[in-house]
Amino acid sequence: MGMSRFHQLTDAQLLAVCLYGEARGESDCGKIAVASTIKERVKQGGWYGLGYKGVILKPYQFSCFNCSDPNFTKLFEIAGDFSRSVDKSATLRRCYEIARGIIEGSIQQTLRSTHYKTHCCKASWADKMKKIATVDSHSFYMEG
């Protein structure tokens, strides 16, 4: 399955799909924290990528976009008909509302983190970073 289907989405749609894949079971605060991390990467640019699409679709950065991830097939399906998917899923609709709000600025960025992981995930990079917050089932980090 190619990634071109994801590239055809708007920034807000793609961020919503990412939030759905990474944080759909989290509270609004948890979804906003994940979206804030992505926005921080967009602001910093450079290695993280250029713009929302560059950041979100950079290989191996958000596990839900790895072809081997169990979420990938569902996200690929959502991206194929985003409007219909939003109409059918209140959770995806909420992810889309948060995504639009974060991008437009009507929802404030709550963290300046550049990384996050779920509590059950081991990540070698986490030992080299400063943990700045825990929201729902995710820990958030920044360099330094």
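Quick note: the coordinates plus some simple rules give every number you see, no bench work behind them. All values derive from a computational prediction rather than experimental measurement. A quick note on method: Cβ atoms are made from the backbone with ideal geometry, for glycine too, and the neighbour counts reach across all protein chains shown.
Taking the condition of being closer than 22 Å to ASP69 by Cα and in contact (Cβ under 8 Å) with a residue 24 or more places away in the chain, how many residues in the range 42-56 meet it?
At the first step, the residues of the range 42-56 found to be closer than 22 Å to ASP69 by Cα are 48-49, 52-56.
Imposing the further condition that a residue be in contact (Cβ under 8 Å) with a residue 24 or more places away in the chain reduces the set to 48, 52-53, 56.
Of the residues in that region, 4 qualify.
Go through (1) under 15 Å from GLN109 (Cβ atoms); (2) touching a residue at least 12 places away in the same chain (Cβ under 8 Å) and name the single condition GLY25 misses.
Failed condition: (1).
Looking for whichever is among the basic types (Lys, Arg), outside any helix (DSSP H, G or I) and touching a His at 6+ places or on another chain (Cβ under 8 Å) here; the options are LYS131, LYS117. Which one fits?
Result of the check over LYS131, LYS117: LYS117.
Among the numbered criteria (1) in contact (Cβ under 8 Å) with a residue 60 or more places away in the chain; (2) under 14 Å from VAL34 (Cα atoms), which single criterion is violated by THR134?
Among (1) in contact (Cβ under 8 Å) with a residue 60 or more places away in the chain; (2) under 14 Å from VAL34 (Cα atoms), THR134 violates only (1).
Output the residue which, of all residues in the range 72-85 that are crowded, with 19+ Cβ neighbours inside 10 Å and of a type outside the set (Gly, Ala, Ser), is nearest to ALA12 (Cα to Cα).
It comes out as PHE82.
How about the range 99-113: which of its residues are part of a loop (DSSP other than H, G, I, E, B) and crowded, with 20+ Cβ neighbours inside 10 Å? Working first, answer last.
Going through the range 99-113, the residues part of a loop (DSSP other than H, G, I, E, B) turn out to be 105-113.
Matches in the range 99-113: LEU111, SER113.
Check GLU26, GLU40 and return the single one that is out of contact with any Gly (no Cβ under 9 Å at 6 or more places or on another chain), in a loop (DSSP other than H, G, I, E, B) and closer than 24 Å to VAL135 by Cα.
Residue meeting the stated conditions: GLU26.
Among the numbered criteria (1) surrounded by 19 or more Cβ atoms within 10 Å (Cβ to Cβ); (2) of a type in the set (Ser, Thr, Tyr); (3) in a strand (DSSP E or B), which one does TYR96 miss?
Against the list (1) surrounded by 19 or more Cβ atoms within 10 Å (Cβ to Cβ); (2) of a type in the set (Ser, Thr, Tyr); (3) in a strand (DSSP E or B), TYR96 comes up short only on (3).
Just one of (1) under 17 Å from GLU104 (Cβ atoms); (2) surrounded by fewer than 14 Cβ atoms within 10 Å (Cβ to Cβ); (3) of a type outside the set (Gly, Ala, Ser) trips up CYS67, so point out which.
Among (1) under 17 Å from GLU104 (Cβ atoms); (2) surrounded by fewer than 14 Cβ atoms within 10 Å (Cβ to Cβ); (3) of a type outside the set (Gly, Ala, Ser), the lone unmet condition for CYS67 is (1).
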